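Asker: Below are the structure tokens for one structure; questions will follow.
Bear in mind that the values in this text are calculations on the coordinates, not laboratory data. Computed from a predicted structure; not experimentally measured. Ideal geometry is used to build each Cβ from the backbone, glycine not excepted, and the neighbour counts take in all protein chains shown.
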Amino acid sequence: MPNGAVYVGAFRDGAPNGQGSYTMPDGWKYIGEVRNGALEGQGTTVFANGTLYVGDHHDGRPNGRGTYTFPDGWKYVGDVKDNRFEGQGTEYLANGSVGRSGYWSDGYFGRRPPTAPQDVRDPYGPPDEPARLAFRTLPSALLHQVQIALVAGGYYKGEVDGLYGPDTAAAIQKWQRALKQTETGFLSADQIVQLLDATTRGSVIVVSADDAKG
């Protein structure tokens, strides 16, 4: 089959139709309903990065309502459009607690339909971004040190609780802006070392009053 895909399942009218499974060389796999060779109906998709989706499929991809489970245990349950969080949904954190619940758009939380006023894009960013997921799930003790370093530089004025939330993300963006780095709202491993090392040596770049405002 095209792209090296292997199909095992029911055939009708010379094409995959009914219950079946597709497997791709990169590890991607789908098990569920198939119509004229396309993913159509209830099914399970296992992505190459280990993310699991269970729910509705339409036009060959996740569409409708379903559940994403990411390798770190983070879950999204809700409406899906073109393999993105779109509509009403709820996140469940890796520890099992309920996170944000409400309207999602293009993978982001808190953005309303075009007819309503637009919110600022959530500093958490898209939950399916591996680098951000890796930072969000760092040990609380390390995130605590990051917050202390951001406080020392004048970037962070929130609670030093070892938790990654919107205030911490905004503070990281200010620190990145001061260093003329891409404002992602999360830190790479190298940036963590850079921030903590600068704090240890007393050379944190202190934010100006204008930067603090915006």
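Asker: If I take every Cα pair under 8 Å that is 6 or more residues apart in region 2-122, average their sequence separation and divide by the length, what percent do I get for the relative contact order?
Answerer: 11 percent
Asker: Just to be sure I understand the model, the point goes 7 Å from the Cα along the line to the Cβ. What's the resulting ASP106 to LEU93 distance in nm?
Answerer: With each label point 7 Å from Cα toward Cβ, the separation is 2.8 nm.
Asker: Listed here are the pairs LYS29/LYS75; LYS157/LYS180; LYS29/LYS174; which of them are more than 31 Å apart at the Cα?
Answerer: Cα-Cα > 31 Å for LYS29/LYS174; rest within.
Asker: Further question: Which whole-number percent gives the relative contact order of region 1-51, counting Cα pairs below 8 Å spaced six or more residues apart?
Answerer: Here the relative contact order equals 27 percent.
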